[in-house]
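The values are calculated or read from the model by the stated rules, or taken from the named source; none is laboratory data. All values derive from a computational prediction rather than experimental measurement. Positions of Cβ are backbone-derived with ideal geometry, glycine not excepted, and every protein chain shown enters the neighbour counts.
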Amino acid sequence: MKATREMVKNAPSGEVLEINPFVNLDSVMGIALAYQKAFSGKPWNEGYLCPVCKTSYSRDGGNWSMCPECLYSNRLRVRLVEYWPIDKILTDFYQEMSKPGAVCVIMQVRHNVFAFAWGYEVKSNKSLDKYLEAPDLHKLVKGNFLYLDECAVVPKQQNKGCGKKLVKAFLQKAKKSEKSVLLRTMKGEAMHRIITGLGGEIVQDISRGRIIMTI
């Protein structure tokens with residue numbers, strides 16, 4: 001069942017709630033703000049970006065203004081920019097939510113979104129291999145899947161079981177549509193451990209320490 005805006009506002013903390021992103025606009029903005037917080041630290045370090053050398057920096061490292069790498073290596077004063085501007089997050093999010101079978105679930109406290117997960121249906125083929133940068137994935141997995149595109153929890157709410165709750169809710173949606181869940185994540189990080197603990201498995205190791213998993 002799709003939630004109304006009033007239902008989202010009154011959702012108790014700790015509850016996983018599915019929303020309609022084209023109706024629950026306040027929650028979508030909350031997702032974008034939570035996205036910035038979740039990915040600005042380790043292991044992603046996507047807080048600030050140097051437009052010249054493309055080095056990224058964690059917000060945890062301080063309130064950077066100039067790129068240390070450019071300043072140290074070339075004595076250039078290059079102003080850093082946000083790695084994930086809100087408008088970029090919203091544009092990407094709505095593009096994904098326009099795909100077939102799109103699902104978006106959140107967790108919140110006092111109307112503030114602190115965790116989210118979203119995804120959509122995909123079919124195993126060469127186009128998916130290219131999209132996920134996973135060569136020959138279509139030879140390893142067959143059929144249609146519910147792809148878990150993004151799942152994150154803001155730093156202050158991590159290590160409390162929120163990620164596991166989100167994944168379980170996503171698995172329930174996949175089960176109702178008689179599909180398995182497919183995802184790409186970092187090997188050894190939290191999502192890898194959650195999926196493994198729920199019975200998932202690695203089907204392919206790809207570049208930059210990333211893996212493809214199914215459950």
(request) Quick one: which helices (runs of 4 or more DSSP H) lie wholly within segment 117-191 and hold at least 1 residues that are in contact (Cβ under 8 Å) with a residue 60 or more places away in the chain and out of contact with any Leu (no Cβ under 9 Å at 6 or more places or on another chain)? (result) 137-140, 162-176
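Out of the residues in segment 192-211 that are in contact (Cβ under 8 Å) with a residue 24 or more places away in the chain and surrounded by 18 or more Cβ atoms within 10 Å (Cβ to Cβ), which is farthest from K142 (Cα to Cα)? Even if it seems obvious, please write down each step before you answer.
So the first thing to find is which residues in segment 192-211 are in contact (Cβ under 8 Å) with a residue 24 or more places away in the chain, and the list is 194-195, 197-198, 203-204, 206-207, 210-211.
The next check asks that each one be surrounded by 18 or more Cβ atoms within 10 Å (Cβ to Cβ); those that pass are 194-195, 204, 211.
Values: I194: 23, I195: 19, Q204: 14, I211: 17 Å.
Out of the qualifying residues, it is I194.
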(message) Is it the case, given these coordinates, that R79 is of a type outside the set (A, V, I, L, M, F, W, C) and either at negative phi or in contact with a Leu (Cβ under 8 Å, 6 or more places away or on another chain) (or both)?
(response) yes
(request) Quick one: which helices (runs of 4 or more DSSP H) lie wholly within segment 17-105 and hold at least 2 residues that are within 21 Å of the chain's Cα centre (by Cα) and crowded, with 19+ Cβ neighbours inside 10 Å? (result) 25-39, 86-97
(request) Quick one: T214 ticks every box in (1) touching a Phe, Trp or Tyr at 6+ places or on another chain (Cβ under 8 Å); (2) buried (at least 18 other Cβ atoms within 10 Å of the Cβ) except a single one, so which number is it? (result) (2)
(request) Return yes or no: is D136 surrounded by fewer than 16 Cβ atoms within 10 Å (Cβ to Cβ) and out of contact with any Ser or Thr (no Cβ under 6 Å at 6 or more places or on another chain)? (result) yes
(message) Suppose we filter segment 65-98 for residues that are in contact with a helix residue (DSSP H, G or I) (Cβ under 8 Å, 6 or more places away or on another chain) and over 21 Å from D149 (Cα atoms); how many remain?
(response) 4
(message) Checking the conditions here, which among H138, H111 is out of contact with any strand residue (DSSP E or B) (no Cβ under 6 Å at 6 or more places or on another chain), modelled with pLDDT of 95 or more and not small (G, A, S)?
(response) H138
